[in-house]
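What follows is a single structure, written as structure tokens, with notes after it.
The values are calculated or read from the model by the stated rules, or taken from the named source; none is laboratory data. If you're wondering where the values come from, they're calculated on a predicted model, not measured in any experiment. No Cβ is skipped: glycine too gets one built from the backbone with ideal geometry, and neighbour counts run over all protein chains shown.
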Amino acid sequence: MPGLQLIFLAKLTQFLFVLLVLPCFRPKLTAEDTPQMMFLFLSAVTDNLGTILAFMSFVYVVPGIAFGIIQGSVPFFTALIGFAFLRETVGVMDFCGILCSAAGVIIVAVGMSMDAASSTKWLTVAILLPLASAFTKGPNNVITRLLLGLQGMSILTQMLYAQLLGTVLLLALTYIFETPRWTMSARTMWYVIGLCLCELFSSLSLKLVLKMEKAGITATLLTLVIPFTILLDYIFQSKFPSPTILVGVSLVVLGIIVIGGHTWWVNRQEIRHRELMEKMSLDG
């Protein structure tokens with residue numbers, strides 16, 4: 001099935017979901033002012049551009065390796081942009097976890113370059129295309145964090161604008177660059193439905209976490225998909241990664257463990273401090 005058509009169906013699924021639940025929650029659907037409207041538009045543009053680049057990278061790269069580059073680079077870009085524009089700082093432990101994930105990405109790229117069967121042109125596209133996706137997703141995470149976490153915009157409002165733009169844009173791109181196939185076998189249909197539902201729940205989960213947690217930390221925790229993706233590569237495509245790529249993925253997982261453990265500990269300390277202050281207030 002054409003790739004742009006798949007992205008269109010995924011965006012259409014999310015758009016229909018938002019329309020379905022809007023009457024239940026009734027969020028405010030307009031921006032507070034012109035700057036917020038500009039950020040909302042930028043969020044929609046970067047959301048769709050990052051998704052298109054990520055899907056395109058699967059054409060040139062094994063999905064597990066593509067996810068390794070994208071998900072490993074996104075935390076680094078997100079942390080830098082988040083610090084520059086939102087002044088969101090990360091602690092020493094979190095920064096070490098981000099660096100560990102970034103090192104894993106570099107090792108994965110080196111593992112790809114050691115493949116003798118790969119041409120220089122293929123390697124250039126295979127590395128730069130996922131990096132372009134990561135560089136787009138970084139600003140998107142920061143803008144989404146600004147809108148949802150700091151300005152209190154509804155998740156449904158942000159999704160409505162992003163998926164409306166994506167649905168219209170990708171439908172046009174599908175007919176311009178591809179020949180869409182609307183008739184498909186039952187097996188293909190179930191694959192498409194599964195993809196659309198996975199994309200929907202992934203997008204919702206990301207936005208829920210960004211509403212509560214710093215952008216850089218959220219992006220790093222999401223790299224947990226890398227080992228699962230490479231495992232699925234092996235099961236469904238018999239693509240077993242090289243030892244070098246396995247080392248890179250291991251560093252990414254180590255970075256996740258460091259940041260996940262430290263984030264849990266910090267949140268636990270904040271809860272204990274809040275409970276202590278409430279107890280002292282009641283005793284007083």
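Of all the residues in region 149-169, those that are surrounded by fewer than 22 Cβ atoms within 10 Å (Cβ to Cβ), aliphatic (A, V, I, L, M) and at pLDDT 90 or above number 7.
With 136, 120 as the choices, which residue is closer than 18 Å to residue 216 by Cα and either at pLDDT below 75 or within 17 Å of the chain's Cα centre (by Cα) (or both)? Exactly one residue qualifies, and that residue is 136.
Within region 162-170, not a single residue is over 30 Å from residue 89 (Cβ atoms) and in contact with a Ser or Thr (Cβ under 6 Å, 6 or more places away or on another chain).
In region 235-249, the residues that are of a type in the set (S, T, N, Q) form Cβ pairs under 7 Å with partners that are surrounded by 11 or more Cβ atoms within 10 Å (Cβ to Cβ) and modelled with pLDDT of 75 or more, at six or more places apart or across chains, as follows: 244/107.
Residues in region 11-52 that are at pLDDT below 90 and of a type in the set (A, V, I, L, M) were compared, and the one that is nearest to residue 78 (Cα to Cα) is 52.
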